[in-house]
1. Which is touching a helix residue (DSSP H, G or I) at 6+ places or on another chain (Cβ under 6 Å), buried (at least 20 other Cβ atoms within 10 Å of the Cβ) and among the basic types (Lys, Arg), of ARG86, ARG120?
2. Quick check: anything in region 78-87 touching an Asp or Glu at 6+ places or on another chain (Cβ under 9 Å), free of Cβ contacts under 8 Å to residues at least 12 places away in the same chain and among the aliphatic types (A, V, I, L, M)?
3. Of everything in region 22-36, what is under 16 Å from GLY50 (Cα atoms) and either in contact with a Leu (Cβ under 7 Å, 6 or more places away or on another chain) or hydrophobic (A, V, I, L, M, F, W, C) (or both)? Give them in sequence order.
4. Can you confirm whether region 35-53 contains a residue that is charged (D, E, K, R), touching an Asp or Glu at 6+ places or on another chain (Cβ under 7 Å) and closer than 12 Å to ARG18 by Cα?
5. Which one of LEU296, LEU286 is in contact with a helix residue (DSSP H, G or I) (Cβ under 6 Å, 6 or more places away or on another chain), farther than 30 Å from SER201 by Cβ and in contact (Cβ under 8 Å) with a residue 40 or more places away in the chain?
6. If I filter region 91-98 for residues that are buried (at least 21 other Cβ atoms within 10 Å of the Cβ) and either closer than 26 Å to ALA187 by Cβ or at pLDDT below 95 (or both), do I get at least one hit?
7. Being aliphatic (A, V, I, L, M) and modelled with pLDDT of 95 or more is the filter here; which residues of region 66-90 pass it?
8. If we only count strands (runs of 3 or more DSSP E) wholly inside region 1-65, which ones have 1 or more residues that are surrounded by fewer than 20 Cβ atoms within 10 Å (Cβ to Cβ) and at pLDDT 95 or above?
Amino acid sequence: MSQGSAQLSAAGQKIEARHLTKRYGATTAVHDLSFDVRPGLVTGFIGPNGAGKTTTMRMILGLDRPSGGDVTVGGRRYRDLPAPMREVGALIDAKAIHPGRSAYHHLLSLAQSNGIPAARATEVLGLVGLDAVGGRRVGGFSLGMCQRLGIAAALLGDPPVLMFDEPVNGLDPEGIVWIRQLMRELAAEGRTVFVSSHLMSEMALTADHLIVIGQGRLLRDEGVTEFVESSTRHTVLVRSARLEDLTTVLTKVGATVRPSIDDSIEVTGLDSRAIGELAAAYGFTLHELATQHASLEDAFMEMTHDSVDYRSSVPA
């Protein structure tokens with residue numbers, strides 16, 4: 001990354017949260033949360049709306065004071081870092097920019113107040129694709145442009161630790177692919193990359209590790225593959241000329257069966273081997289027997305089902 005990896009003297013820093021708690025009156029937004037965000041990985045931070053993701057990120061950055069516990073970056077609290085933007089880059093609120101400033105002068109003011117060369121402001125504008133509009137006032141920017149500018153600000157000090165809160169909001173498809181590739185490149189350089197998102201399809205393509213929270217509590221802290229494989233939502237697609245009879249047999253042994261497309265059924269509760277053996281025992285000919293693995297979205301919905309604060313309903 002420009003000044004780049006050659007200047008990553010602080011590479012290897014990690015975020016460490018220990019018993020992190022935040023209360024607002026009688027409401028506990030974050031409850032006894034402990035986790036590590038390690039370098040060299042894109043760590044996804046996921047949970048339902050209101051789970052406490054942004055509050056946790058704000059506590060890491062010293063914007064909110066914990067009610068209990070502690071969180072450090074590279075072994076120090078954010079407020080004790082001598083040159084914060086050179087050590088931690090963050091995008092929390094893309095619209096938190098003075099609308100009367102140009103994109104360039106916004107970055108220049110941040111650079112000057114953090115001892116960063118002015119040339120770096122121009123450099124990161126080019127990196128995020130805003131060099132052609134650097135002289136325009138931010139008040140006329142779209143949300144996607146503000147997201148890009150916020151990412152430029154996070155990269156300004158070429159820090160070893162980066163935090164992004166919902167960075168794909170407002171981005172077009174090209175922008176989503178770009179930020180996905182950028183985060184993976186940053187992690188490949190040995191940086192610590194911590195990103196929250198509600199788009200499970202993006203997390204599946206971007207993240208190496210997941211921290212999953214619900215109602216402020218830690219639910220899972222593991223690799224993406226392990227998280228998905230732990231889901232019970234694996235199904236088996238079955239096609240047969242005698243689906244009705246096969247469904248009766250499968251249901252009797254405790255499997256759950258539901259109709260699928262093109263004269264097929266989806267079966268949960270039995271694996272493909274058990275279904276094949278059962279069909280053979282009853283003389284059913286199978287035309288297709290295929291295991292369908294759960295997606296990250298399936299695993300997420302299953303894991304957080306009891307942690308959703310705002311649940312929609314479908315009219316009868």
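1. Among ARG86, ARG120, only ARG120 is touching a helix residue (DSSP H, G or I) at 6+ places or on another chain (Cβ under 6 Å), buried (at least 20 other Cβ atoms within 10 Å of the Cβ) and among the basic types (Lys, Arg).
2. For region 78-87, residues touching an Asp or Glu at 6+ places or on another chain (Cβ under 9 Å), free of Cβ contacts under 8 Å to residues at least 12 places away in the same chain and among the aliphatic types (A, V, I, L, M): present.
3. Within region 22-36, ALA26, ALA29, VAL30, LEU33 meet the criteria.
4. For region 35-53, residues charged (D, E, K, R), touching an Asp or Glu at 6+ places or on another chain (Cβ under 7 Å) and closer than 12 Å to ARG18 by Cα: present.
5. Unique residue meeting the criteria: LEU286.
6. The answer is yes; a qualifying residue exists.
7. VAL71, VAL73, VAL88, ALA90
8. Per the criteria, 15-24, 27-37.
The values are calculated or read from the model by the stated rules, or taken from the named source; none is laboratory data. If you're wondering where the values come from, they're calculated on a predicted model, not measured in any experiment. No Cβ is skipped: glycine too gets one built from the backbone with ideal geometry, and neighbour counts run over all protein chains shown.
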